[in-house]
Amino acid sequence: MKHVKFYSFLLLILLLVSWEMIAGSMSELVLPAPSVIFITLLDGIQSGYFMPHIIRTTTEILLGLFFGGLFGFIIGILMGESEFLRKLLFPYVIASQAVPKLALAPLFILWFGFDITSKVVITALICFFPLLENTVTAIQHVDKQKADLFRMLKASRWQTLIHLKIPAGLPGILAGLRVAVVLAVVGAVVGEFIGGSEGLGAVIIASQGMMDTPLMFASLLLLTFIGMLLYQVITILEKRWLKPYMKETKK
Amino acid sequence: MSFLTIKDGTYGYQGKEPILHGINWEIEKGGFHCLLGKSGCGKTTLLKLAAGLLKPDSGHIYLHGKEMTEPSHECGFVFQSPTLLEWKTVMDNVLLPLSLRRKLTGEDREHAASILELIGLSEHLNRYPAQLSGGQQSRVALARALIQHPSMLFLDEPFAALDAITREELQDDLLKICQLHNTTVLFITHDIAEAVYLSDRVAVMDQGRIIHAEDVNLAKPRTMKMRYDPYFNELCLQLRQIMSGEPS
């Protein structure tokens with residue numbers, strides 16, 4: 001298993017080389033070679049063409065993630081704590097899960113305009129559900145003996161929530177956040193597809209219109225990069241916060 | 001007057017055969033009593049009832065004369081599993097009962113450190129529970145139960161998951177600490193030798209009733225040798241026969 005990382009890298013090289021070779025026999029319109037894409041990407045970054053789009057898309061993702069995640073977390077806690085609310089709202093949560101939320105994007109553009117607001121709302125809506133679900137589950141499934149311990153210590157409901165339920169549920173809640181990050185990128189891009197002139201999603205649509213396939217690929221690469229970066233940040237946070245929860249191997 | 005009194009304690013879940021049938025039991029101040037019984041005989045339910053975690057359907061629980069309707073700060077409880085909070089250090093776990101009640105002081109920390117030292121964990125104050133062995137985790141749970149100087153301690157098979165040697169060490173530690181503070185103890189176990197070694201009085205439970213009670217006349221403090229004493233073994237055998245329903 002020692003060399004797995006090396007083989008993994010080797011596979012990437014192999015894929016890129018074969019892509020380059022196959023692309024040589026095709027029109028650039030259909031499949032541009034990696035080298036062409038790379039030059040486009042580099043040019044775009046150097047000339048500053050990509051910068052406003054990257055900032056725009058990243059802002060949408062972060063704002064959407066923040067609001068969607070925050071609301072999901074808060075409502076998740078309320079539903080986890082109150083059986084009444086849980087029973088009242090759960091049918092609606094399930095029903096709204098079945099709604100393809102991306103299909104609502106045109107509606108949000110109608111309501112909130114072509115500006116950034118509509119994209120943030122779409123992204124937030126998509127990020128809301130994984131956080132909500134994971135929080136409700138995590139809050140409810142607290143170890144019975146630990147709950148008894150807190151009763152024995154005469155902890156208030158608030159104390160039990162803050163000192164037991166939320167920290168005990170943290171691994172589950174962070175797993176929800178990890179799912180939300182990936183979905184946030186999708187939400188922001190789809191929002192930009194439908195309306196707007198700024199953002200990497202809008203660049204992709206524009207490049208389609210201009211038949212500029214290398215530019216399309218370059219934007220795609222940037223989006224992948226943003227997604228991976230955010231995912232990494234969450235993973236690092238998870239590792240740091242959840243360190244005490246793990247059984248540590250000997251030093 | 002007895003310290004803890006269970007009077008006619010009955011408990012059951014709706015529409016089902018009661019788990020406990022009219023239990024009567026008394027523990028004098030400083031007494032160490034064990035409830036012995038097979039799994040599912042209702043002993044954990046009885047312990048929760050006594051600790052105020054459950055309310056009896058009928059009957060009463062009194063702690064030095066006052067009726068108990070909810071858990072009290074005077075009581076400590078040690079659960080079957082250590083129930084430590086994984087995200088808190090050993091020190092903070094032990095201080096949890098105090099930190100839920102008020103702001104911690106330097107004195108509290110010293111006090112916690114002294115309990116942890118007594119119990120042999122002074123080197124692990126800043127570790128997390130996942131970094132400790134099972135025996136060490138049980139010790140932390142015990143230290144946490146002791147931080148508020150409980151006059152009454154309830155223990156629900158706290159050492160069941162430990163290996164024999166560690167269990168014996170912990171039993172000795174528990175006895176030492178309880179003697180030191182004259183703590184009254186109600187201890188639950190399915191291990192006959194553990195019950196005889198620890199307690200002044202053993203009650204045998206079966207199907208929600210106390211079917212036998214026996215005083216243990218062993219010298220204090222207990223020593224390892226007593227485990228191999230003829231009287232010790234005879235008593236174990238006798239209790240074993242009662243538990244399996246054989247006439248003695």
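For the segment B:93-103, counting C-beta atoms of other chains within 10 Å of every residue's C-beta and taking the mean gives 3. Charging the Cβ of each Asp and Glu at -1 and of each Lys and Arg at +1, and nothing else, the dipole of region A:34-250 about its Cα centre rounds to 1160 debye. Computed per residue of the protein assembly as shown from DSSP H runs no shorter than four, each worth -39500 (n - 2.57), the mean residue ellipticity at 222 nm is -18500 deg cm²/dmol.
Separation of region A:158-214 and region B:68-91, taken as the distance between their Cα centroids, equals 41 angstrom. Too long at a 19 Å Cα-Cα cut-off: which of B:Lys7/B:Lys29; A:Lys165/B:Lys88; A:Lys165/B:Lys55; A:Lys146/B:Lys48? Over 19 Å apart, Cα to Cα: A:Lys165/B:Lys55. Put simply, when B:220-230, A:33-43, A:168-178 are sorted by average Cβ atoms within 10 angstrom per residue, most first, you get A:168-178, A:33-43, B:220-230.
What percent antiparallel are the DSSP beta bridges of the protein assembly as shown, to the nearest 5? Here the share of antiparallel DSSP bridges comes out near 50 percent. If you take all other residues with their beta carbon under 11 Å from the beta carbon of B:Arg101, and give Lys and Arg +1 and Asp and Glu -1, the sum is +2.
Centre-to-centre separation between the Cα atoms of region B:136-153 and those of region A:73-99: 39 Å. Rounded, prolate or oblate: which fits chain B when a ≥ b ≥ c are the square roots of the eigenvalues of the alpha-carbon gyration tensor, with rounded for a/c under 1.5 and prolate only if a/b beats b/c? Oblate is the answer for chain B, as a/c is 1.5 or above yet b/c matches or exceeds a/b.
Heavy-atom accessible area buried between chains A and B is around 2300 Å² (1.4 Å probe, both sides summed). Other protein chain C-beta atoms within 10 Å of residue C-beta, averaged over A:151-164: 4.
For the protein assembly as shown, the square roots a ≥ b ≥ c of the C-alpha gyration tensor eigenvalues yield an a/c of 1.5 or more together with a/b exceeding b/c, which makes the shape prolate.
Under 24 Å of direct C-alpha separation, and excluding same-chain neighbours fewer than eight residues apart, A:Lys2 reaches these lysines: A:Lys239, A:Lys247, A:Lys250, A:Lys251. Quick one: helix B:134-146 against the long Cα principal axis of chain B, what's the angle to the nearest 10°, folded into 0 to 90? Helix B:134-146 and the main axis of chain B meet at about 90 degrees.
For the peptides B:156-164, A:199-207, A:88-96, A:183-191, the ranking by mean Cβ contacts within 10 Å, running from highest to lowest, is A:183-191, A:199-207, B:156-164, A:88-96. Solvent-accessible area per residue in chain A equals 58 Å², computed with a 1.4 angstrom probe and all protein chains kept.
Using the average count of surrounding beta-carbon atoms within 10 Å as a protection proxy, the listed peptides B:28-39, A:218-229, B:8-19 rank, highest first, as B:28-39, A:218-229, B:8-19. Within straight-line reach of A:Lys101, meaning a Cα separation under 22 Å, sit the following lysines at least 8 residues removed in sequence or on another chain: A:Lys119.
For the protein assembly as shown, with all protein chains present and a 1.4 Å probe, just round the carbon and sulfur fraction of the accessible area to a whole percent. Result for the protein assembly as shown: 63 percent of the exposed heavy-atom area is carbon or sulfur.
Which shape class applies to chain A: rounded if a/c is under 1.5, otherwise prolate when a/b exceeds b/c and oblate if not, where a ≥ b ≥ c are the square roots of the Cα gyration tensor eigenvalues? Oblate. Relative to the 2.2 N^0.38 Å rule of thumb, region B:82-149 has a C-alpha radius of gyration ratio of 0.97.
Mind checking which of B:Cys178, B:Ala195, B:Gln207 is farthest towards the positive end of region B:178-244's charge dipole, using Cβ charges of +1 (Lys, Arg) and -1 (Asp, Glu) about the Cα centre? Going by the Cα projections, it comes out as B:Cys178. Considering only beta bridges that DSSP places wholly inside chain B, some 50 percent are antiparallel. What you get for the protein assembly as shown, charging only the Cβ of Lys and Arg (+1) and of Asp and Glu (-1), is a dipole of about 300 debye around the Cα centre. Averaged over the residues of peptide B:125-132, the number of Cβ atoms from other protein chains lying within 10 Å of each residue's Cβ is 3. For region A:65-82, 3J(HN,Hα) computed residue by residue from phi via the Karplus equation (6.51, -1.76, 1.60; θ = phi - 60°) reads 4, 5, 5, x, x, 4, 5, x, 5, 5, 5, x, 5, 4, 6, x, 7, 10 Hz, glycine and proline entered as x.
The values are calculated or read from the model by the stated rules, or taken from the named source; none is laboratory data. Keep in mind the model is a prediction, meaning the values are calculated, not measured. Quick reminder, even Gly has a Cβ in these numbers, built from the backbone with ideal geometry, and neighbours come from all protein chains shown. The accessibility values were calculated without ligands, DNA or RNA, using every heavy atom of the protein model including side chains. Shrake-Rupley method; radii C 1.70, N 1.55, O 1.52, S 1.80 Å.
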